[in-house]
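Asker: I have a structure here, written as structure tokens, and I will follow up with some questions on it.
The values are calculated or read from the model by the stated rules, or taken from the named source; none is laboratory data. All figures in this text were calculated on a predicted structure; none of them were measured in a lab. Glycine gets a Cβ as well: all are built from the backbone with ideal geometry, and neighbour counts include every protein chain shown. Heads up: the accessible areas ignore ligands, DNA and RNA and are worked out on the full protein's heavy atoms, side chains in. Shrake-Rupley method; radii C 1.70, N 1.55, O 1.52, S 1.80 Å.
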Amino acid sequence: MKKRNDSKVTEFVLLGLSSSWELQLFLFLIFLFFYMTVVLGNLLIIVTVRADAHLLQSPMYYFLGHLSFIDLCLSCVTVPKMLGDFLQQDKIISFSGCLAQIYFLHFLGASEMFLLTVMAYDRYVAICNPLHYLTVMNRQLCFQLVFACWCGGFIHSITQVTLVIQLPFCGPIELDNFYCDVPQVIKLACTDTYVVEVLMVSNSGLLSLVCFLVLLFSYAIILITVRTRFRQGHSKALSTCASHLTVVSLIFVPCVFIYLRPFCSFSVDKVFSVFYTVITPMLNPLIYTLRNAEMKTVMKKLRKKHVASFCHIKG
């Protein structure tokens, strides 16, 4: 065990998802495919939104572009390290690297939660008050809402890092996960962590729960409004909300499960961690954007434009 000043741990050992070499090779291929899908899918959405003036001026696609950017960055916090660890026996992360993972994971994760809540409000205004939608969701308000999401994520992540950095670590150094997160790290502290775990619940746990309940309430109002006001398009709105709620649940349910129960941990925690660090960033492009007819139309136009330009250059 490496120590700093004979008392402080300078690195942690990640136990990962499996100790079997054959299973790790299989998982490497699976998660490499997931990671490539996340990167390519979200990059495609960002480029498409930026390349089309109409999409860029639309509040919904403005938020979707930011969501894709967050998912792209969020996947880069844990997945590259996990892929590298699958191919080596010693899965070591430095103390500073561990703090960096915690900071960016919570910064991006909380920002995404706030942004999903804002997007639910955007859909509420678009469906329940369509005549004043562009007036209410003007460019300045959209910018302010996104800026508030990033600020909220920053404040939340600083709080999480503060909870960890003040704790003394003198061993053990084994983290039972494939990345660093607050619940696993604080259990290795050489002191009583009761207060810290309560603060973690009141911060991460309640944040996840409140945002999730707000989202459920928003989509419930949207569905009730569609059912009572509009006879046509009810099934389409129901399908859209159901798909959105599926992705939202894959983000919030694991977070509520992990952060809202201190003082204990389960082996299934790793499975829940995979969902909101790998699976959800991969599903967001499919659910929110790539199923959207307008987005697919713009992608086809851009593809034809680039193919025509390429043929003109070749000619």
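Asker: So which helices (runs of 4 or more DSSP H) are wholly in region 229-315 and hold at least 2 residues that are at pLDDT below 75 and more than 19 Å from the chain's Cα centre (by Cα)?
Answerer: Filter on region 229-315 gives 234-259, 293-314.
Asker: Which members of region 112-135 meet the condition of being open to solvent by 50 Å² or more (accessible area, probe 1.4 Å) and closer than 19 Å to His54 by Cβ?
Answerer: If the condition is that a residue be open to solvent by 50 Å² or more (accessible area, probe 1.4 Å) and closer than 19 Å to His54 by Cβ, then Arg123, Pro130, Leu134, Thr135 are the ones that fit.
Asker: For region 197-217, give me each residue that is at pLDDT below 85, of a type in the set (A, V, I, L, M) and open to solvent by less than 60 Å² (accessible area, probe 1.4 Å).
Answerer: Answer for region 197-217, where residues must be at pLDDT below 85, of a type in the set (A, V, I, L, M) and open to solvent by less than 60 Å² (accessible area, probe 1.4 Å): Met200, Val201.
Asker: Take region 87-120 and flag every residue that is closer than 18 Å to Val161 by Cβ and of a type in the set (Gly, Ala, Ser).
Answerer: Ser94, Ser96, Gly97, Ala100, Gly109, Ala110, Ser111
Asker: Quick test of your reading of the structure: Asp181 fulfils all but one of (1) within 17 Å of the chain's Cα centre (by Cα); (2) at pLDDT 90 or above. Name the failing condition by number.
Answerer: Just one mismatch for Asp181, condition (2).
Asker: Pick from Cys142, Cys190, Cys98: which is modelled with pLDDT of 90 or more and touching a Pro at 6+ places or on another chain (Cβ under 6 Å)?
Answerer: Checking each option against the conditions leaves just Cys142.
Asker: Just for region 56-71: of the residues that are assigned to a helix (DSSP H, G or I) and open to solvent by 10 Å² or more (accessible area, probe 1.4 Å), which one is nearest to Met282 (Cα to Cα)?
Answerer: So, considering only residues that are assigned to a helix (DSSP H, G or I) and open to solvent by 10 Å² or more (accessible area, probe 1.4 Å), the one nearest to Met282 (Cα to Cα) is Phe69.
Asker: Please note which helices (runs of 4 or more DSSP H) are completely contained in region 76-189 and include at least 2 residues that are of a type in the set (Phe, Trp, Tyr).
Answerer: 95-128, 139-165
Asker: Which residue out of Leu83, Leu14, Leu74, Leu27 is open to solvent by less than 40 Å² (accessible area, probe 1.4 Å), under 27 Å from Val146 (Cα atoms) and of a type in the set (A, V, I, L, M, F, W, C)?
Answerer: Leu74
Asker: Scan (1) within 14 Å of the chain's Cα centre (by Cα); (2) open to solvent by 30 Å² or more (accessible area, probe 1.4 Å); (3) closer than 30 Å to Ser20 by Cβ for the single condition Pro172 breaks and write down its number.
Answerer: Failing condition for Pro172: (1).
Asker: Which of the residues spanning region 257-273 are surrounded by 21 or more Cβ atoms within 10 Å (Cβ to Cβ) and either of a type in the set (A, V, I, L, M, F, W, C) or over 26 Å from Asp192 (Cα atoms) (or both)?
Answerer: Within region 257-273, Ile258 is the sole residue that qualifies.
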